[in-house]
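Here, each number is a calculation from the coordinates, and none is a lab measurement. In this text, all values refer to a predicted model and were calculated from it rather than measured experimentally. Please note: Cβ atoms are built from the backbone with ideal geometry, for glycine as well, and neighbour counts cover all protein chains shown.
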Amino acid sequence: MEGDKIDLSQQGLYATIDWVVNEEIKGFYQQALENAPPEFWKAPASSSGKYHGPENNIKGGLANVHTVKAVMAAFEFAEHEYSQMPAGKKNLMRDVCVVAAGCHDIKKGGEPWDRYDPEHGPLAAGWLCNFPLEDAAKEMIAEAVYYHMNRLHPDWERKKALHPKRHRHVLIVQYADIAASRKAASYLPGVPVSGGKIRAYSAADVRRARGMLWERES
Ligand SMILES: [Fe+2]
Ligand SMILES: [Fe+2]
């Protein structure tokens, strides 16, 4: 559509390509983002507004707020989880987690893009397999994307099929997604996180956050 082209150089998520060390994995990530549905770059993180904080639910919030947060969380969790590994292996696993987090909701609106598709994990995993990458890394990225919703999925059997030690990257992406979505926990609600007004949290801020943490989202 004329005038509707996405300028990828302006997209925060696109800039996370530079966080990937391995050149082959980086190329894979770049191809995936360059072929993402245009709706992915424009959608808010949640169609209902129920499960994400307000900052995630702005136009473009799915890719450039929620997914950027998920990438950051996945990066930090991987740094921690794989810290005892030799640098090469650690960097590889961190790349896997970053790319899986960056692509986990790339098909959130289904195919063709419409409303929320609860099977968007498996859908995105299958779609990602179209892009070239060596098998081991591709398989790990695809399985982390495939299973990213499992904790919220009624089919618990699929979760049980995952071995907790061999699939730490899957758990990292699940947790990164949770950290990047929680209305009450991504930062203390109501307190500025950027600009000239940043301040320490007050007791009132913490009490308000506690109220949100205990409130049932239904
Ligand atoms: Fe998702
Ligand atoms: Fe997500």
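Could you compute the FRET efficiency for residue 205 and residue 23, with r as their C-beta to C-beta distance and R0 at 30 Å, rounded to 0.05? Plugging the Cβ-Cβ distance into 1/(1 + (r/R0)^6) gives 0.10. A helix-only calculation puts the chain at -13500 deg cm²/dmol for mean residue ellipticity at 222 nm, using -39500 (n - 2.57) for each DSSP H run of at least four residues, averaged over all residues. Cβ crowding within 10 Å, taken as a proxy for footprinting-reagent exposure, orders 17, 172 from fewest neighbours to most as 17, 172. Peptides 178-189, 63-74 ranked from most to least packed by the mean count of surrounding Cβ atoms within 10 Å: 63-74, 178-189. On the beta carbon distance between residue 194 and residue 31, with R0 = 35 Å, the FRET formula returns roughly 0.65.
Of the trypsin sites (Lys or Arg not before Pro) found in the stretch 28-64, those in coil by DSSP whose Cβ has at most 15 other Cβ atoms within 10 Å are 50, 59. Put simply, the chain fits an ellipsoid with semi-axes of 27, 21, 19 Å; these come from the alpha carbon gyration tensor as the roots of five times its eigenvalues, largest first.
Estimated at 0.36 nm per residue, the fully extended path between residue 119 and residue 50 surpasses their Cα-Cα distance by 23.0 nm. Phi angles of the stretch 176-187 translate, via the Karplus equation with coefficients 6.51, -1.76, 1.60 and θ = phi - 60°, into HN-Hα couplings of 4, 5, 5, 4, 8, 10, 5, 4, 9, 10, 6, 6 Hz per residue; Gly and Pro are given as x. Size estimate for the stretch 1-128 follows the Kirkwood approach: the inverse of mean 1/r over distinct Cα pairs works out to 15.1 Å.
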